[in-house]
Amino acid sequence: MFSYLSLLNREIMQFWNKKWIIAALVVVVAFGLSFTSPAERYFEIAKNLDIFASLFKEVNAMYVDEINPNKTIRTGIDAMLESLDPYTNFISEDEVEDFRTLNTGQYGGIGAVTRPIGKRTVVTMVYENYPAYKSGLRIGDEVVKINGLELARLTSEEANHVMRGQVGTPVTLTVKRTGNDNLIELEFKREKIKISNVPYFGMLSTDVGYIQLTEFTPDAGKEVKNALINLKEKGAKYLVLDLRNNGGGLLHEAVNICNLFIPKGKKVVDTKGKVEENNITYETLNPHVDLDIPVTVLINRGSASASEIVAGTLQDYDRAVIIGERSYGKGLVQVPRLLSYNSQVKITTAKYYTPTGRCIQVLDYTHRREDGSVASIPDSLKQEFRTTRGRKVYDGGGIDPDIVIPVTDDATITKVVYLNGFIFDYATEYAHQHPTLTEPQSFSLTDKEYGDFITWMKTKDYSFQSPVETALEELIAEATKEKSYVDLKSNIDLIQTRLKDLRKNELINHKEAIKALLEREIVSRYYFERGAVETTFKSDKELKAAIGVLHNQPEYKRILKM
């Protein structure tokens with residue numbers, strides 16, 4: 001593309017340094033071009049580059065205020081790519097490391113996860129066997145300084161860059177800990193941190209194994225394989241593969257995971273795009289691990305991309321019963337391309353199709369409405385496909401589970417106590433007062449202990465407006481505008497009174513959901529990732545459904561038409 005730049009005039013070339021030329025090129029190269037010959041296309045690209053460069057020169061020279069070239073160009077790049085789809089993104093040199101971490105699951109750090117709560121930055125997880133855990137950092141600690149720099153003076157992005165660094169380099173954290181009057185200074189040496197794709201696997205009963213897969217970074221297939229073999233050695237005759245809230249990742253790892261349960265040489269996914277080289281059929285390449293073990297796969301609306309490949313492939317081959325709610329519906333494939341100055345662009349190059357031929361992409365970005373919004377593919381345009389045993393499956397809307405478990409959204413009070421950190425802070429205080437805790441699967445807060453939480457919450461300010469209260473305010477405003485408020489006032493007053501009564505007892509009315517969050521947070525203080533997973537087993541409806549259908553083999557076989 002640099003050959004096109006010879007068409008730009010000398011004045012523009014002197015004004016633009018190389019970095020801005022490249023940025024301008026990225027912005028205009030994807031303008032809507034529909035030309036019949038390469039020569040016409042190249043001319044239009046060069047012409048638009050010239051126009052864009054001239055435009056920016058004039059704006060920079062004449063605009064009333066000083067403009068930031070970095071910010072202005074980035075706005076143009078992001079706006080251009082956003083007009084395509086949400087997954088085609090520009091990655092600047094400063095963002096490449098975070099992008100690499102996302103795709104590889106590896107970074108140089110100490111092995112801790114933090115979260116902002118108000119103006120505080122708190123530690124929400126420490127990974128065992130990494131520097132954070134070994135040097136004494138604990139869940140619940142508030143990070144006050146990094147290398148002597150006050151965290152309050154840093155942006156979250158700056159703090160993240162300070163926390164991470166080259167393997168072997170030191171980093172010092174100053175933390176505030178519940179029960180300690182003085183700040184604690186902890187020193188660490190950064191290590192290569194590998195985020196596990198399988199944070200947990202274990203036995204749910206004497207014969208049911210469970211694997212939680214949260215990422216599709218390198219070695220995901222190997223990690224699932226090792227977990228499966230381990231569980232079979234422990235007596236697992238049935239398997240639950242949990243893909244809930246797994247947003248996907250590397251395509252070939254999805255193929256490797258499918259390969260564990262289906263024979264070598266079976267199609268897993270086709271990718272089809274505009275460029276011939278992107279039309280690829282991916283097949284299993286290795287010997288299987290187990291073709292017969294009954295499998296259930298858990299999915300939800302957070303299961304996307306590679307997760308949908310795995311769920312869709314196993315469903316197409318009638319190899320597993322899919323349980324939960326409809327998946328996200330991301331049937332688009334992205335490929336990173338290197339740009340100059342260590343930047344990259346991640347481009348959607350193809351759509352993927354499961355073995356039956358269905359594309360599960362739910363949003364049609366190619367045909368936007370006049371206002372620019374994107375519509376779901378209508379049911380009338382969805383096509384029917386047949387699995388290996390003749391079961392009906394459909395495209396255009398994610399993976400539909402074989403057993404649907406309706407999921408209800410959390411009440412506003414539940415979201416408020418979690419997002420504002422009340423659940424987190426109470427768990428920290430609870431752990432400070434209780435040095436030890438029973439095993440995760442048997443731990444449960446007593447009614448008295450939950451009552452203690454309610455009493456503790458009375459000292460906190462957690463005022464909020466629920467959607468119902470907001471809707472009522474809008475009703476009052478409209479009724480007043482339409483001169484009907486007087487006629488409706490008695491009914492409105494009755495609703496307001498009832499809402500006040502409900503507000504007084506919200507922590508009791510939503511005890512089940514809040515208590516489950518409390519128990520998970522508390523247990524994580526003692527048993528870390530393992531505890532956070534295991535404590536949810538007793539209240540997990542999808543998991544109970546999976547165990548139920550695995551133990552009811554006639555029903556399992558009926559669903560799969562075996």
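Values quoted throughout were computed directly from the atomic coordinates according to the rules given, and no laboratory measurement underlies them. Nothing here was measured: the structure is a model prediction, and the numbers come from that model. Here the Cβ positions follow ideal geometry from the backbone for every residue, glycine too, while neighbour counts run over all protein chains shown.
Using alpha carbons only, how many angstrom separate the centre of the stretch 55-83 from the centre of the stretch 103-144?
Result: 38 Å between the Cα centres.
Quote the Stokes-Einstein diffusion coefficient, in whole µm² s⁻¹, for the stretch 201-282, based on the Kirkwood radius over alpha carbon pairs, a temperature of 10 °C and a viscosity of 1.306 mPa s. Intermediate values should be presented prior to the final figure.
On the way: Rh = 14.0 Å.
Once the numbers are plugged in, D ends up at 113 µm²/s.
When the gyration tensor of the stretch 43-96 is built from Cα positions, what are the square roots of 5 times its three eigenvalues, in whole Å, from largest to smallest?
Details: eigenvalues 98, 59, 20 Å².
So the equivalent ellipsoid measures 22, 17, 10 Å along its semi-axes.
Quick one: which of LYS192/LYS225; LYS194/LYS511; LYS71/LYS145; LYS266/LYS557 span more than 25 angstrom between C-alpha atoms?
Numbers: LYS192/LYS225 23 Å; LYS194/LYS511 37 Å; LYS71/LYS145 29 Å; LYS266/LYS557 22 Å.
Those over the limit are LYS194/LYS511; LYS71/LYS145.
Give the calculated FRET efficiency between ASN505 and GLN441 to the nearest 0.05, with a Förster radius of 41 Å applied to their Cβ-Cβ distance. Could the numbers behind the result be given before it?
On the way: r = 30 Å, r/R0 = 0.73.
That gives a FRET efficiency of 0.85.
Simple spin-label model, 7 Å along Cα-to-Cβ: VAL468 to LYS392 in nm?
Between VAL468 and LYS392, the label points sit 3.8 nm apart.
Evaluate the distance, in nm, between pseudo-label points positioned 7 Å from the Cα of ARG368 and of GLU233 along their respective Cα→Cβ axes.
If labels sit at ARG368 and GLU233, their model points lie 5.4 nm apart.
Short version: ³J(HN,Hα) in whole Hz for each residue of the stretch 445-456, in order, from phi by Karplus 6.51 cos²θ - 1.76 cosθ + 1.60 (θ = phi - 60°), x for Gly and Pro, what are they?
Running phi through 6.51 cos²θ - 1.76 cosθ + 1.60 with θ = phi - 60° gives 5, 6, 4, 5, 5, 5, x, 4, 5, 4, 4, 4 Hz.
Principal axis lengths of the chain from Cα atoms, whole Å, largest first?
79, 70, 61
Using only helices, what value at 222 nm comes out for the chain when you add -39,500 (n - 2.57) per DSSP H run of length 4 or more and divide by the total residues, to the nearest 500 deg cm²/dmol? Walk me through the intermediate numbers first.
On the way: 19 runs with 224 residues, N = 562.
Taking each H run of at least 4 residues, the total per residue is -12500 deg cm²/dmol.
Residues of the stretch 290-323 with backbone nitrogen within less than 14 Å of a virtual label 7 Å along the Cα-to-Cβ line of GLN553, please, listed as ranges.
Answer for this model: 292-295.
Using alpha-carbon pairs under 8 Å, 6+ residues apart, how would you state the relative contact order of the stretch 200-407 in percent? Each step should come with its number before you reach the end.
Working: 485 pairs, mean separation 37.2, N = 208.
Here the relative contact order equals 18 percent.
For a footprinting-style exposure proxy, rank SER54, SER484 by other Cβ within 10 Å, fewest first. List each step's numbers first, then the result.
Values: SER54 15, SER484 11.
The fewest-first ordering by Cβ neighbours comes to SER484, SER54.
Give me the net charge of ALA375's neighbourhood, meaning all other residues with Cβ under 10 Å from the Cβ of ALA375; Lys, Arg count +1, Asp, Glu -1.
On the way: positive: ARG368, ARG369; negative: ASP364.
Taking every Cβ under 10 Å from that of ALA375, the sum is +1.
Normalised by the empirical 2.2 N^0.38 Å for globular proteins, what value does the Cα Rg of the stretch 186-248 take?
Numbers: Rg = 14.0 Å, N = 63, 2.2 N^0.38 = 10.6 Å.
The reported ratio for this selection is 1.32.
Note the per residue figure in Å³ for the convex hull of the C-alpha positions in the stretch 340-441.
Details: hull volume 33.7 nm³, N = 102.
Spread over its residues, the Cα hull of the stretch 340-441 gives 331 Å³ apiece.
Where does the stretch 106-194 land on Rg(C-alpha)/(2.2 N^0.38 Å)? Mind dumping the intermediate values first?
Working: Rg = 11.9 Å, N = 89, 2.2 N^0.38 = 12.1 Å.
Taking the Cα Rg and dividing by 2.2 N^0.38 Å, one obtains 0.98.
Stretch ASP452-ASN160 to full length: gain in nm at 0.36 nm per residue minus the Cα-Cα span?
Details: separation 292, 0.36 × 292 = 105.12 nm, distance 3.61 nm.
Full-extension gain reported as 101.5 nm.
Could you give me the ³J(HN,Hα) list for the stretch 89-100, computed from phi with Karplus coefficients 6.51, -1.76, 1.60 and θ = phi - 60°, whole Hz, x at Gly and Pro?
Values per residue, Gly and Pro as x: 9, 8, 10, 6, 4, 5, 9, 4, 5, 5, 5, 5 Hz.
Could you list which residues have their amide H under 5 Å from that of LYS266, counting only those 5 or more apart in sequence or on another chain, with H placed in the peptide plane?
Residues meeting the criterion, in which the H sits 1.01 Å from N, are THR284.
Applying the Karplus parametrisation 6.51 cos²θ - 1.76 cosθ + 1.60 with θ = phi - 60° to the phi angles of the stretch 138-146, what ³J(HN,Hα) value in whole Hz is obtained for each residue in order, glycine and proline being reported as x?
Rounded to whole hertz, the list is 10, 4, x, 5, 9, 7, 9, 9, 10.
Between the stretch 327-388 and the stretch 210-256, how far is it from one alpha carbon centroid to the other, in angstrom?
The two parts, judged by their Cα centres, are 25 Å apart.
Give me, ordered by chain and number, the residues 5 or more places off VAL144 or on other chains with an amide H under 5 Å from its own placed amide H.
Those lying under 5 Å, H to H, from VAL144 are THR174, VAL175, LYS176.
The stretch 394-484: percent of C-alpha pairs farther apart than 22 Å?
Details: 2379 of 4095 pairs.
That fraction is 58 percent.
5 Å is the cut-off here: which amide hydrogens, built 1.01 Å from N in the peptide plane, fall below it relative to LEU332, excluding neighbours closer than 5 in sequence?
Those qualifying (amide H under 5 Å, at least 5 residues apart or on another chain) are TYR352.
Hey, what did the stretch 130-279 get for relative contact order, percent, Cα under 8 Å, at least 6 apart? Could you put the intermediate results ahead of the total?
Details: 211 pairs, mean separation 24.4, N = 150.
After rounding, I find 16 percent.
Of the beta bridges DSSP finds with both residues in the chain, what % are antiparallel, to the nearest 5? If you can, show how the numbers build up before the last one.
Working: 48 of 64 bridges.
Among the beta bridges of the chain, antiparallel pairing accounts for roughly 75 percent.
Give, in nm to one decimal, the length gained when the segment between LYS176 and ASN286 is fully stretched (0.36 nm per residue of separation minus the Cα-Cα distance). Write down the numbers at each step before the final one.
Working: separation 110, 0.36 × 110 = 39.60 nm, distance 5.09 nm.
Additional length available on full extension: 34.5 nm.
What base-10 log of the normalised intensity I(q)/I(0) is obtained for the stretch 409-562 from the Debye formula, alpha carbons as equal point scatterers, at q = 0.09, 0.15, 0.17 Å⁻¹?
For the stretch 409-562 at q = 0.09, 0.15, 0.17 Å⁻¹, log10 I(q)/I(0) is -0.47, -0.87, -0.99.
Treat each spin label as a single point 7 Å out from the Cα along the C-beta direction, and report the ASP94 to LYS489 distance in nm.
Taking the simple label geometry, ASP94 and LYS489 are separated by 5.7 nm.
Please state the relative contact order of the chain as a whole percent: Cα pairs under 8 Å, 6+ residues apart? Please report the intermediate quantities before stating the final value.
Working: 933 pairs, mean separation 61.5, N = 562.
Relative contact order here is 11 percent.
So what are the radius of gyration and Dmax for the Cα set of the stretch 454-506, in Å?
When restricted to Cα atoms, the stretch 454-506 yields Rg and Dmax of 14.1, 45 Å.
When the expected Rg is taken as 2.2 N^0.38 Å, what fraction or multiple of it is the alpha-carbon Rg of the stretch 200-407?
Working: Rg = 17.4 Å, N = 208, 2.2 N^0.38 = 16.7 Å.
Here the answer is 1.04, to two decimals.
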